[in-house]
1. I need the peptides 108-115, 77-84 ranked by packing, meaning the mean over residues of other C-beta atoms within 10 angstrom, with the highest value on top.
2. Consider all pairwise Cα distances in the range 123-169 and report the whole-number % of them above 15 Å.
3. Along each of the three principal axes of the Cα atoms of the range 67-197, give the extent in whole Å, ordering the values from largest to smallest.
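What follows draws every value from the coordinates through simple rules; no lab data is involved. Since we're looking at a predicted model, the values are computed, not measured. Using ideal geometry, Cβ is built from the backbone for each residue, glycine included, and neighbour counts are taken over all protein chains shown.
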Amino acid sequence: MSLARGRHAGHSRCWPWPRRCFATRRRPSLPHRRPQVFRPEAARHTANSDQLLDAYAAAATTMAPATSLTVGVTWRDMVSGLTDTGRRWEKAGVAWSATGAVAASVIAPYLSSVNVVEVYVGAKTIAGLEAVAAEAELRPIAGGRLTLRPFPTVTARRLASEMAGVHVAPWPRVYVDLRTFGVRGEEAAEHLLEVIRGR
């Protein structure tokens, strides 16, 4: 028995079980709207991102470069002073990128003042760091406000970017280095994370 039995001009359908006729009308087309639904995978993605960042922070802390050189500077404004020094390094072909508080002050300002500057440079030994300092006519001094360190990884060097004339390390590295500055550093690190997530 055909299912089309009893069909009249496309306006009704009669089904053999049970024998009922249902009127069919064309409904006006409505604009398609995607329902707003909660997606558990989004929450899982955030949680997984936090776990990855925590794992990276733990690994990066243990693998921090031990070699460093403190240099004396007379900069009143640490960002401006670093920008001017960075131009000298660029002319000399020295790779560099700021990290820690000074980098965070460019990416996501939080701390009211920055008194010390940490910079990664393309040198691996003390002699190499001294040569980098000499390119900018800076001298090593105990307790200096500028600290030079070798790039911790090749990736940190390659993923450095420029903001407001300052070369800055990748934000996950800045986040890790900020957390070594005590309570204020941890607060600045959390602020940095909030700003990055909001973009």
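1. Top to bottom by mean Cβ count within 10 Å: 77-84, 108-115.
2. 56 percent
3. Computed over the range 67-197, the largest-to-smallest principal extents equal 38, 29, 26 Å.
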